[in-house]
Amino acid sequence: MRHSIAARKQRWADLLEKPTGGRKFVFRIGVRTPEPPPVVRAWPWLKAERIEAAWQTYLRMSERAEWLDDDLVPYLPVNTGTEIFAEALGCEVYRPDDNNPFAIPFVKTASDAARIQTPRLEDTPLMMLFEIADELRRRGGADVLLKMVDMQSPMDIVAQIWDKTDLFVAMLETPDAVLELAAKARTLQMAFLDAWFGRYGAEHIAHYPDYYVRKGVTMSVDEVGSVNSRMFGRFFLDELNALSERYGGLGVHCCANSEHQWPGFAQVKGLRLINLHQPPPIMERAYVFFGPHTAQMHFDLWHGTLRMLPLKPRDTFPECCHVVIQAEAEDRDEAQRVAEQLWREYEV
């Protein structure tokens, strides 16, 4: 059946794994919740509450998949802040009441960075995330997908550890020290990912945005907005390629103003999808630029909602584009009408 989980997974695979010859469109519909469930912060002492909140999220998504014919694949979220790898490498963490945790930088010099040692995965707070995932898998079964924890690129992790007022100077004056710290971050990430995929399989939901991937890994790569294209080549490209080659593909999220880095992103081997968050005129250029390279999932197609603007006809996209269409609806009835409209316009 068209709305079955297996069919949804296959449509995602056809979009992401055949970016120049497979499926051209999949779509997701957000449905506004009149009374959203309470937020459970990603604090270590709330492990039981985080597990229960994730389980209830999965149950709601599973129920929604029964009545809404879009491409959502229900999943069990293992939610975190951005801090998890920086914390494992020595950062203290600030945990605000009204937002996700974040790391507090403690490195200011190359000497500070050199003193950091890559810990054994088993000796870090990252192990609690496996405990959460294990319990969620126990409840849901081995066939239920997990959503990946927050993944920042190795250099984005460095930018959490190394005070930025000093980091950008160090990238010019002591670049080897910066690269050495990024390598330590990547080593820890690979230990985590090797264990994660070995334990739960390669198939998962990307950490952000939440799309299905059969294999590979996804990264937030935001610090590229603060450096020039030459520095992208020196500090970012090799690490992204290494992770892509190790895990069978890479998805990139970037909310920075990064148009000057698009040629660099296009050089990433095995790039499966790119997600940008910029004003609509920039997004229109992105569809043209990235069309020959990778699938795209941007956030400003209708300024956030299908209801506010007319549906963008499929023939207004460049012919080479492979796109995740996103829309929003107020309630179940509207979501079903939107789904029917999308299937009529975008089905291939």
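The values are calculated or read from the model by the stated rules, or taken from the named source; none is laboratory data. As the structure is a prediction and not an experimental result, all values here were calculated from the model. Cβ placement follows ideal geometry from the backbone for every residue including glycine, while neighbour counts extend to all protein chains displayed.
Scanning the stretch 106-163 for residues being hydroxyl-bearing (S, T, Y), more than 25 Å from K47 (Cα to Cα) and either out of contact with any strand residue (DSSP E or B) (no Cβ under 8 Å at 6 or more places or on another chain) or outside any loop (DSSP other than H, G, I, E, B) (or both) gives a total of 3. Only one of these conditions is not met by N99: (1) under 22 Å from the mean Cα position of the chain (by Cα); (2) at pLDDT 95 or above; (3) polar (S, T, N, Q). Which number is it? Only one criterion in (1) under 22 Å from the mean Cα position of the chain (by Cα); (2) at pLDDT 95 or above; (3) polar (S, T, N, Q) is unmet by N99, namely (2). For beta carbons closer than 8 Å, sequence separation of 6+ or different chains, a first residue in the stretch 208-231 that is within 22 Å of K9 (Cβ to Cβ) and a second that is assigned to a helix (DSSP H, G or I) and of a type in the set (S, T, Y), the qualifying pairs are K215/Y247; G216/S244; G216/Y247; V217/S244; V217/Y247. Pairing each residue of the stretch 307-326 that is over 21 Å from Y211 (Cα atoms) and surrounded by fewer than 12 Cβ atoms within 10 Å (Cβ to Cβ) with any residue that is at pLDDT 85 or above and not aliphatic (A, V, I, L, M), provided the two are 6+ apart or on different chains, yields C-beta distances under 7 Å for P313/E345. T174 fulfils the conditions (1) closer than 18 Å to L89 by Cα; (2) out of contact with any strand residue (DSSP E or B) (no Cβ under 8 Å at 6 or more places or on another chain); (3) of a type in the set (S, T, Y) except for a single criterion, (1).
Considering only the stretch 53-101, state which residues are in contact with an Asp or Glu (Cβ under 9 Å, 6 or more places away or on another chain), crowded, with 21+ Cβ neighbours inside 10 Å and of a type in the set (D, E, K, R). Result: E83, single match. A Cβ distance below 9 Å, combined with a sequence gap of six or more or placement on separate chains, defines the contacts here; from the stretch 30-56, residues that are over 15 Å from L76 (Cα atoms) reach residues that are hydrophobic (A, V, I, L, M, F, W, C) and in a loop (DSSP other than H, G, I, E, B) in the pairs V31/L68; L46/V40.
When residues in the stretch 188-209 are screened for being under 19 Å from D156 (Cβ atoms) and out of contact with any Asp or Glu (no Cβ under 8 Å at 6 or more places or on another chain), 9 of them pass. Once the stretch 1-22 is narrowed to residues that are closer than 28 Å to A266 by Cα and either modelled with pLDDT under 90 or among the acidic types (D, E) (or both), the residue that is surrounded by the most Cβ atoms within 10 Å (Cβ to Cβ) is P19.
Say we look at the stretch 124-182 and pick out the residues that are among the basic types (K, R) and more than 18 Å from D194 (Cβ to Cβ); which of these is surrounded by the most Cβ atoms within 10 Å (Cβ to Cβ)?
Restricting attention to the stretch 124-182, the residues satisfying the condition of being among the basic types (K, R) are 137-139, 147, 164.
Going one step further and asking which of them are more than 18 Å from D194 (Cβ to Cβ), we end up with 138-139, 147, 164.
Values: R138: 10, R139: 15, K147: 20, K164: 13.
The extreme case among them is K147.
Residues in the stretch 120-158 that are over 23 Å from L72 (Cα atoms) and under 19 Å from the mean Cα position of the chain (by Cα): L126, L129, F130, Q152, S153, P154, M155, D156, I157, V158.
A count restricted to the stretch 38-82 and to residues that are in a loop (DSSP other than H, G, I, E, B) and within 19 Å of A206 (Cβ to Cβ) stands at 11. Please give the number of the condition L250 fails out of (1) crowded, with 22+ Cβ neighbours inside 10 Å; (2) without any contact (Cβ under 8 Å) to a residue 40 or more places away in the chain; (3) touching a His at 6+ places or on another chain (Cβ under 9 Å). All conditions are met except number (3). The set of residues from the stretch 206-222 being surrounded by fewer than 23 Cβ atoms within 10 Å (Cβ to Cβ) and either among the aliphatic types (A, V, I, L, M) or assigned to a strand (DSSP E or B) (or both) comprises just one member, S220.
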